[in-house]
Amino acid sequence: MTDQSRKPYPSTFNELVDQFNNLDVNNTDGLGNQCEHENYPYQGCKQIEYPLDEPISYGEDLFVVLKYKDNYYQTSFDEHEITGCMTQEVYEKHKDDFDEEISCAGEWIDVETEQLTNGTYSFTIPSFVQLVDQENDIEQEMVYLKEEDSKVVLEGLYGFNRKLLDEEGFTIESFYDG
């Protein structure tokens, strides 16, 4: 599918809602411009991929808007980052999740493997924001979610493996560093 056939990013909040309300429920192509997830914990989630004008520093040329629990989320695209650390054991166990040739999550996470501190590697991921309606304009707000909801949003926006997010040795220290 070419970028020309992708939905354009909505110019109003009502347009965003309409795009999600008019998704093709039969489209399950995860590589298409829309898909609905049917498996846990995504039950009831929807996502649309939009093209970026220019690839970002993380190498992505697409980004996702996720509808979860009647709220909309996307990457913040600013200097704010999610920061954390993971044990060397967790890194080795989930190494494929950090390889951008294998996993879409690998395009979003930056793991500092050159520096092992106290048995852990630090990592950064772009922060995410909630899209809100301000007189039909799409506004972005920082949002703090419960742990379970944050994991669903990280899965939906960046393609993270749920087993990785649930690992005891994988710790998010801040959702809005920067």
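The values are calculated or read from the model by the stated rules, or taken from the named source; none is laboratory data. Everything numeric here is computed off the predicted structure, so don't read it as measured data. Every residue, glycine among them, receives a Cβ derived from its backbone with ideal geometry; neighbour counts consider all protein chains shown.
Take the conditions part of a loop (DSSP other than H, G, I, E, B) and either modelled with pLDDT of 85 or more or touching a helix residue (DSSP H, G or I) at 6+ places or on another chain (Cβ under 7 Å) (or both) and apply them to LYS67. Does it pass?
Here the answer is no, as LYS67 does not meet what is asked.
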Kindly indicate whether any position in the stretch 111-119 is part of a helix (DSSP H, G or I), surrounded by fewer than 17 Cβ atoms within 10 Å (Cβ to Cβ) and polar (S, T, N, Q). no
Under 9 Å between Cβ atoms, at least 6 apart or on separate chains: pull out the pairs that start in the stretch 151-166 with a residue that is farther than 16 Å from GLU100 by Cβ and end on any residue that is at pLDDT below 90 and acidic (Asp, Glu). ARG162/GLU155; LYS163/ASP97; LEU165/GLU155
Only one of (1) surrounded by fewer than 20 Cβ atoms within 10 Å (Cβ to Cβ); (2) in contact with an Asp or Glu (Cβ under 7 Å, 6 or more places away or on another chain); (3) hydrophobic (A, V, I, L, M, F, W, C) does not apply to ILE125, and that is (1)
Based on what the data block shows, is LEU145 surrounded by 13 or more Cβ atoms within 10 Å (Cβ to Cβ), among the aliphatic types (A, V, I, L, M) and without any contact (Cβ under 8 Å) to a residue 40 or more places away in the chain? yes
Out of SER122, SER76, I need the residue that is farther than 18 Å from ARG162 by Cα and touching a Cys at 6+ places or on another chain (Cβ under 7 Å). Which one? SER122
